[in-house]
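*Asks:* Got a structure here, written out as structure tokens. Questions coming.
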Amino acid sequence: LVAHKRVAAYHVCDAARNPGLTVLDFSLFVRSLVWQLAEKVPAYKGALLALRGKESVEAVLDEIGDKMRAGMDDAKDKHAAAAAAKSDFETFVVAPLTRDGVADEVARWAAEDPGARPLPLLLVVDSFDESLDATDRARSRIDLDKTIAGVLSDQDVHRRLRERAPWLRLMATSRRDI
């Protein structure tokens, strides 16, 4: 999967290996996407560093980690933790992807070597339904909107990515029974 030219970033949700999955783990999902997108897409990396005022991707990852650790102190307030997780996705993934000029820069970058850089690129999330554990499935729709599955199904996120990052497609898989 990682070797495929179109895959800009991927994440595999695995509840079997991680039965204690919580909303706070959403920050780990965001950190993984940030690292992979920055490695694969120079325009994203430039937009990310400019928006965050950082010199390196590692400094941005530290910022996300600091936010995650601070959120663990407030782990009893799941609503606050869930809102922070969705905010991290918006701040560190969506905002740089949709920043002015990024789409044009990606198109120029891809045109330099069309065989090696085919567009659109893919952001792949496998088994996203497994981001919901048994207690998540019983929670309200408002809470579900703050999970990986919920955020990935947010129509506003899809609209903004479609309009402002036409070079990127979200591909998510789940079981048939979900």
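The values are calculated or read from the model by the stated rules, or taken from the named source; none is laboratory data. Note that the coordinates shown come from a computational prediction; the quantities given were computed from them, not determined experimentally. Neighbour counts are summed over all protein chains in view; Cβ atoms, including those assigned to glycine, are modelled from backbone coordinates with ideal geometry. Ligands, DNA and RNA are excluded from the accessible area calculation, which covers all protein heavy atoms including side chains. Shrake-Rupley method; radii C 1.70, N 1.55, O 1.52, S 1.80 Å.
*Asks:* Every residue in segment 1-33 that is part of a helix (DSSP H, G or I) and at pLDDT 70 or above, please. Break it down stepwise before answering.
*Replies:* So in segment 1-33, the residues part of a helix (DSSP H, G or I) come out as 23-33.
Those that are part of a helix (DSSP H, G or I) and at pLDDT 70 or above: PHE26, SER27, LEU28, PHE29, VAL30, ARG31, SER32, LEU33.
*Asks:* Now, a different point. Take LEU49 and decide whether it is under 27 Å from LEU119 (Cα atoms), open to solvent by 10 Å² or more (accessible area, probe 1.4 Å), of a type in the set (A, V, I, L, M, F, W, C) and touching an Asp or Glu at 6+ places or on another chain (Cβ under 8 Å). Walk me through it before giving the result.
*Replies:* Values: under 27 Å from LEU119 (Cα atoms): yes; open to solvent by 10 Å² or more (accessible area, probe 1.4 Å): yes; of a type in the set (A, V, I, L, M, F, W, C): yes; touching an Asp or Glu at 6+ places or on another chain (Cβ under 8 Å): yes.
Judged against the criteria, LEU49 is a match.
*Asks:* For a quick check of your reading: which helices (runs of 4 or more DSSP H) sit entirely within segment 64-151 and have at least 3 residues that are modelled with pLDDT of 60 or more and either of a type in the set (Asp, Glu) or open to solvent by 40 Å² or more (accessible area, probe 1.4 Å) (or both)?
*Replies:* Details: elements: 78-89, 102-112, 134-137, 141-144.
It comes to 78-89, 102-112.
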